[in-house]
Amino acid sequence: MLLAPIGWLYGKIADARNALYDRGTLRSYDLGAKTISIGNITAGGTGKTPLVAYVAEILCGAGEKVCILTRGYGRESSGRVLVSDGEKILVEARTGGDEPTELARKLIGKAIVVADADRVAAAAWAKENFAVTAFVLDDAFQHRRARRDLEIVCVDATSPLSSGRMLPAGNLREPIKNLSRAHAIVVTRADLAVSAEDFVQSVRKLNPTAYVFLAEARFRALRTLDAFLSGTPAGAEQRLTPQTLSFCGLGNPKPFLRMLANEGTAITRQFRDHHRYTQADIQGIENAAREYQCDTLVTTAKDAVKLEGLDFEMPCLVAEMEVVLNDPDGFRELVLSA
């Protein structure tokens, strides 16, 4: 495979960098507050974002002043952006990033959200301006410059770990052996795996001491796009039907589409991860819906934050997801004791 040598080199560079942190040659900085990292060892969607929100809600419920620190991948801005001050959304998705904006909407009244590639500097700023007592680092397994009290890594049960190929030949961000750094491993989409127990056993071989939790994503709410963007309650109950066409731009859309299929919705239009929607895209989606005799659209919260200001002729619903763990009490205790 032509990309395999590049992947091999990428893995060696990742190992060398990790060794520098392990020896203390490269420094990790204490953020001055409880710090929990949630990340991936693979590229593409693993269902991490609902878990970030879940951890933030646990901390907020325990009386912590919570701040989510995220790089804000795919945003058109640079530098530091305050996506939410915890009470209101301050920027649109184009400026703050789609996932940070999604988190900010989900966590109004519960967490501040800051997008900044320099999470150490962002943490100092957030502590000074908001008296933060707990940080949640979004997508930070490889961001070792920020010291953390609890390292949680998400692995997707529907995506085998056996290939072991590094980017760009495979989807690993660093060699799979480095799962040994994790304090806890959350096996996401466990309900969609062929054998979740076999997958867990493969994870335990890589890290025998980590806490291992099984997670699945479920629909939390189904709201109209207008209600979602305005932050108003769902109102009348919304339902999916075979005449609903879905569209999304996700790193791994298969689990979302499987869930929709279970609800009787099977027709979809897919876009690249972090896709920026235009009015022409909406027209194309609605034309496809008419072609398939569909009368309603549905998308994800990650996609919905990028639809503000666009016009729809058809009703558009937003499927909001939540994470469900096999041991929620044990996970909560682990988070609070970090």
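The values are calculated or read from the model by the stated rules, or taken from the named source; none is laboratory data. What you are looking at is a predicted structure, and each value in this text was computed from that prediction instead of being measured. Here the Cβ is made from the backbone with ideal geometry for all residues, glycine too, and neighbour counts use every protein chain on show. Note: accessible area is taken over every heavy atom of the protein model, side chains too, but ligands, DNA and RNA are not part of it. Shrake-Rupley method; radii C 1.70, N 1.55, O 1.52, S 1.80 Å.
Scoring 99-108, 82-91, 239-248, 280-289 by mean Cβ neighbours within 10 Å over their residues and listing the highest first yields 99-108, 239-248, 82-91, 280-289. How much accessible surface does T158 have with a 1.4 Å probe, in Å² rounded to 10? Around 40 Å² of this residue is reachable by solvent.
Counting only protein heavy atoms and a probe of 1.4 Å, the accessible surface of the range 39-138 is 46% carbon and sulfur.
Relative to the Cα centre, the charge distribution of the chain, modelled as +1 at Lys and Arg Cβ and -1 at Asp and Glu Cβ, gives a dipole magnitude of about 1220 debye.
Of the peptides 113-124, 174-185, the ranking by mean beta-carbon count within 10 Å, highest at the top, reads 113-124, 174-185.
Surface composition of the range 267-323: carbon and sulfur atoms hold 43% of the protein heavy-atom accessible area at a 1.4 Å probe. Here the peptides 16-24, 264-272 are ranked by packing, the mean other Cβ count within 10 Å, and the order with the highest first is 264-272, 16-24. The distance separating the Cα centre of the range 114-135 from that of the range 20-37 comes to 15 Å.
The 1.4 Å probe gives accessible areas that order Y54, Y292, Y29, Y277, largest first, as Y292, Y29, Y54, Y277.
Per residue, the chain exposes 45 Å² of accessible surface when a 1.4 Å probe is rolled over the protein heavy atoms with every protein chain present.
Dipole orientation for the chain: of the candidates V305, S159, Q270, S159 has the Cα lying most toward the positive pole (charges on Cβ; Lys, Arg +1; Asp, Glu -1). Find the centroid of the Cα atoms in the range 318-338 and in the range 210-239, then give the distance between the two in whole Å. Result: 16 Å between the Cα centres. Read phi for every residue in the range 266-273 and hand back ³J(HN,Hα) as whole Hz from Karplus 6.51 cos²θ - 1.76 cosθ + 1.60, θ = phi - 60°, with x for Gly and Pro. Values per residue, Gly and Pro as x: 10, 9, 9, 10, 10, 10, 5, 4 Hz. Expressed as a whole percent, the accessible area of the range 150-231 that falls on carbon and sulfur atoms is 51 (1.4 Å probe). Each other residue within a Cβ distance under 13 Å of R272 adds +1 if Lys or Arg and -1 if Asp or Glu, for a net charge of 0.
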